[in-house]
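See below for the structure under consideration.
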Amino acid sequence: SAAPLSFLSSDRMLIAAKGHSVRSKSELLIADALFYHGIRYEYEKELILSGRTIYPDFTIYCSDGRINYWEHLGLLEDESYRQHWNYKKNLYTSNDIIENYNLIVSKDHNGSFDSRDIQHLIQIYHLK
């Protein structure tokens, strides 16, 4: 399993509408949008791929039986964060979890995040 990294702080002080804590304001917006749309999800649920354990930001259970994963990338300017994301992305890809298919990726842009992007992603991935 991947060792905890410095950006994965356990000091979570943001509480989502569903009642769990999240790591960032952007993840809070995503969690609350999923919750208020009635979309079943789990936050940072353990996932074992190729014998390695990772924790997708969101595991989403669609009403038609599909499972999607949502990763929000908030610290891409940090080298260790970027390296960890590349590791996870390669692990996803090698296990048929493909970006723009069953892997949703959202990003902060220079510290900013537009919550309308969440609504757009929920629509185009037919998560309801």
**Asked** For the stretch 36-109, how big is the tail of P(r) above 13 Å, as a whole percent of Cα pairs?
**Response** 69
**Lys, Arg +1 and Asp, Glu -1 on Cβ, resulting dipole of the chain about Cα centre, debye, nearest 20** = 240
**Complete:** Of 13-21, 37-45, 25-33, ordering from highest average Cβ density within 10 Å down gives 25-33, 37-45, 13-21
**Fill in**
Restricted to the chain, the DSSP antiparallel beta bridge percent, nearest 5, is 70
**Message:** Using only the alpha-carbon atoms, what does the chain span along each of its principal axes? Please give whole angstrom values in decreasing order.
**Reply:** 33, 31, 26
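Once you sort the root eigenvalues of the Cα gyration tensor of the stretch 70-128 as a ≥ b ≥ c, which label holds: rounded (a/c under 1.5), prolate (a/b larger than b/c) or oblate (the other case)?
oblate
Sequence gap at least 6, Cα distance under 8 Å: using those rules, report the relative contact order of the chain to the nearest whole percent.
After rounding, I find 22 percent.
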**Asked** Mind checking which lysines have their C-alpha under 18 Å from Lys128, skipping anything on the same chain fewer than 8 residues away?
**Response** Lys18
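How far, in nm, would the chain grow between Tyr87 and Ser115 when pulled straight, counting 0.36 nm per residue and subtracting the alpha carbon separation?
Extra length available between Tyr87 and Ser115 comes to 7.4 nm.
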**Prompt:** Roughly how much of Glu46 is accessible, in Å² to the nearest 10, using a 1.4 Å probe?
**Reply:** 100
**Message:** For the stretch 73-104, which chymotrypsin sites (Phe, Trp or Tyr not before Pro) pass both filters: DSSP loop (anything but H, G, I, E, B) and at most 13 other C-beta atoms within 10 Å?
**Reply:** Tyr101
**Prompt:** Between Leu76 and Asp96, what FRET efficiency comes out of the Förster formula 1/(1 + (r/R0)^6) with R0 = 25 Å and r the beta carbon distance, rounded to 0.05?
**Reply:** 0.55
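The values are calculated or read from the model by the stated rules, or taken from the named source; none is laboratory data. Keep in mind that this is a model prediction, so the values were computed, not measured. Counting neighbours? That spans all protein chains shown, and the Cβs are built from the backbone with ideal geometry, glycine included. Heads up: the accessible areas ignore ligands, DNA and RNA and are worked out on the full protein's heavy atoms, side chains in. Shrake-Rupley method; radii C 1.70, N 1.55, O 1.52, S 1.80 Å.
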